[in-house]
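Just below is one structure, and these are the notes that go with it.
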């Protein structure tokens, strides 16, 4: 907004309009203990040029993920974003676009969402995707609600290895519903099929498994979902990482009925924790029960290609209790960013990103476990049922607290990772480290040196 000073004449005019003789009378109802009884102690007035210099100097004091070696993960990752994503997404047609109620006037936005849906279905190897959701957590709970409504069953089995924030959202939604949340305990950082077999029953609507999971471990979706489907036709919900889908077996190929995930890795910066982008895909038979909106391709009377809102069964379209979801809109601008990112990178580019993440993470893990006092948190024994296998994120046992390493790293402009205890997934001496394609060998070796000295 424009900066325009309020003059004394302006103040008097406003006071007159509201019927207050002076400012003191205006604030008379505010208790004295809540009012500042001294001057603000502001510095002398500065010129605009001086003010700009002061603010620039203050801004330079910030240490951001881009100005440091960032090994943060836990659901948001420091991936490279091509400049074309920022340039195209900043175009006025996208920035100012709103929910396309009048499809004929929103062909550009609808086409972008249609392309987004196509890309998500290819990533997940499933039949249909919606035009996005608020974030990964809301996408997961919408999958749970779809399973409850489709099966008529009431129990939901949720892997302990699901991100704790996602579990909190699921519990919050189910709190006032006739549904039961049951957590599947982890064995060596993964969910074993025996655990699912022991806890599944005739009233189980869905099994929810994240892979790579919150520890970075790769779960065995194929066997886990076989158990779900063989026992009472329980639905399988895969919580996925879109970058990993370019390298690992995809949710649909593993037998998932629904795939939900966080789209932040697809050209979306950290943004102080949000807004982010929810990804949601399912098999065709669940299309009419899916939340949000679906964009379809059609043709006009002249045979020209066009786009329309094929399904939009939401509460604000006067569906009331028949609405599939209380989701009111989608993350349109962020879905556009993801669409541009995937289009710019292409299948080979995204696969290259995934391979770099995988190999760099394994190089770093191998170097760290050579240090005295450090070890992987989960088994690496040959033949173990998934234990030890990870994508680009892993947990390290440290000889001292993880926070000690984090504090030491800040002094060297290194963000070593996240303390598992603070994240709610482990102990105080466990460090969750994520590696993306942006990390150089020099940065990886610098982290190893930091941990070696931090011992």
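The values are calculated or read from the model by the stated rules, or taken from the named source; none is laboratory data. All of these numbers come straight from a predicted model, not from anything done at the bench. Neighbour counts are summed over all protein chains in view; Cβ atoms, including those assigned to glycine, are modelled from backbone coordinates with ideal geometry.
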For segment 243-251, state whether one or more residues are in contact with a helix residue (DSSP H, G or I) (Cβ under 9 Å, 6 or more places away or on another chain), in a strand (DSSP E or B) and surrounded by 24 or more Cβ atoms within 10 Å (Cβ to Cβ). no
Residues in segment 205-222: is at least one part of a helix (DSSP H, G or I), farther than 30 Å from residue 70 by Cα and in the same structural domain as residue 141 (by TED's automatic domain parsing)? yes
Cβ pairs under 8 Å, 6+ apart, first in segment 26-51 and under 24 Å from residue 12 (Cα atoms), second loosely packed, with under 10 Cβ neighbours inside 10 Å: 26/18; 27/35
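Can you find, within segment 413-427, the residue that is nearest to residue 186 (Cα to Cα) among those that are touching a residue at least 24 places away in the same chain (Cβ under 8 Å) and exposed (fewer than 15 other Cβ atoms within 10 Å of the Cβ)?
Start the filter on segment 413-427 by keeping residues that are touching a residue at least 24 places away in the same chain (Cβ under 8 Å), which leaves 413-418, 420, 423-426.
Going one step further and asking which of them are exposed (fewer than 15 other Cβ atoms within 10 Å of the Cβ), we end up with 413, 424.
Details: 413: 35, 424: 14 Å.
Ranking the qualifying residues of segment 413-427, first place goes to 424.
Give the residue that is modelled with the highest pLDDT, with candidates limited to residues of segment 133-165 that are part of a loop (DSSP other than H, G, I, E, B) and either out of contact with any strand residue (DSSP E or B) (no Cβ under 9 Å at 6 or more places or on another chain) or within 11 Å of residue 278 (Cα to Cα) (or both). Outline the logic, then answer.
Our first condition is that a residue be part of a loop (DSSP other than H, G, I, E, B); within segment 133-165, this holds for 134-135, 152-154, 160-163.
Keeping just the survivors that are either out of contact with any strand residue (DSSP E or B) (no Cβ under 9 Å at 6 or more places or on another chain) or within 11 Å of residue 278 (Cα to Cα) (or both) gives 134-135.
Values: 134: 92, 135: 95.
Only one residue tops the list, namely 135.
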Taking the stated definitions as given, is residue 230 surrounded by 24 or more Cβ atoms within 10 Å (Cβ to Cβ) and either without any contact (Cβ under 8 Å) to a residue 12 or more places away in the chain or in contact with a helix residue (DSSP H, G or I) (Cβ under 6 Å, 6 or more places away or on another chain) (or both)? no
When the residues of segment 166-185 are narrowed to those that are free of Cβ contacts under 8 Å to residues at least 12 places away in the same chain and assigned to a loop (DSSP other than H, G, I, E, B), which ends up surrounded by the fewest Cβ atoms within 10 Å (Cβ to Cβ)? 176
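Is one or more of the residues making up segment 77-85 loosely packed, with under 11 Cβ neighbours inside 10 Å, part of a loop (DSSP other than H, G, I, E, B) and at negative phi?
Looking only at segment 77-85, we keep the residues that are loosely packed, with under 11 Cβ neighbours inside 10 Å, and these are 83.
Now restrict to residues that are part of a loop (DSSP other than H, G, I, E, B): none.
No; the residues of segment 77-85 include none that is loosely packed, with under 11 Cβ neighbours inside 10 Å, part of a loop (DSSP other than H, G, I, E, B) and at negative phi.
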Selection status of residue 105, loosely packed, with under 13 Cβ neighbours inside 10 Å and outside the structural domain of residue 165 (by TED's automatic domain parsing): no
